[in-house]
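These notes are about the structure you will find just below.
The values are calculated or read from the model by the stated rules, or taken from the named source; none is laboratory data. Given the structure is predicted, the values throughout are model-derived calculations rather than measurements. Methodologically, a virtual Cβ is constructed for each residue, glycine included, from the backbone with ideal geometry; neighbour enumeration extends over all protein chains shown. Ligands, DNA and RNA are excluded from the accessible area calculation, which covers all protein heavy atoms including side chains. Shrake-Rupley method; radii C 1.70, N 1.55, O 1.52, S 1.80 Å.
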Amino acid sequence: MKNWQKAGLAAAAALCMTIPAEAAEVSQNAVLSGKVTSVVEVNTPVREGQVLATVDSLVGPVPAVRADTDGVVTKVLVVKGQQINKQDAVAVIETK
């Protein structure tokens, strides 16, 4: 193999490694049941661990859903005042 061919293959391999992975949609599920007291809005950028929704409890509002990943909220599947159950899908995040 000639040197220019090796250089071309090396450049192509390097380019493939720098192309970002496609964005993925990740469903965010509740870890607690209860009446929704707040919920994030669509198009909100979020970081892993950020609260997406809270539910009412005896001690006041508590986090029911936290972001599993960094990204942008593309769908919100619940509304304030709605009763949700553990494992219900609450929002969808598009990862970067």
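Return the residues of segment 69-81 that are surrounded by 15 or more Cβ atoms within 10 Å (Cβ to Cβ) and part of a loop (DSSP other than H, G, I, E, B); say none if nothing qualifies.
Result: THR69, LEU77, VAL78.
Which of the residues that make up segment 82-96 are open to solvent by less than 90 Å² (accessible area, probe 1.4 Å) and in contact with a strand residue (DSSP E or B) (Cβ under 8 Å, 6 or more places away or on another chain)?
GLN82, ILE84, ASP88, ALA89, VAL90, ALA91, VAL92, ILE93, GLU94, THR95
Output yes when any residue across segment 1-13 is in a loop (DSSP other than H, G, I, E, B), modelled with pLDDT under 95 and open to solvent by 50 Å² or more (accessible area, probe 1.4 Å), and no when none is.
For segment 1-13, residues in a loop (DSSP other than H, G, I, E, B), modelled with pLDDT under 95 and open to solvent by 50 Å² or more (accessible area, probe 1.4 Å): present.
Residue-by-condition table, conditions (1) at pLDDT 95 or above; (2) not in a strand (DSSP E or B):
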residue: PRO20; (1), (2): no, yes
residue: VAL31; (1), (2): yes, yes
residue: LYS35; (1), (2): yes, no
residue: VAL90; (1), (2): yes, no
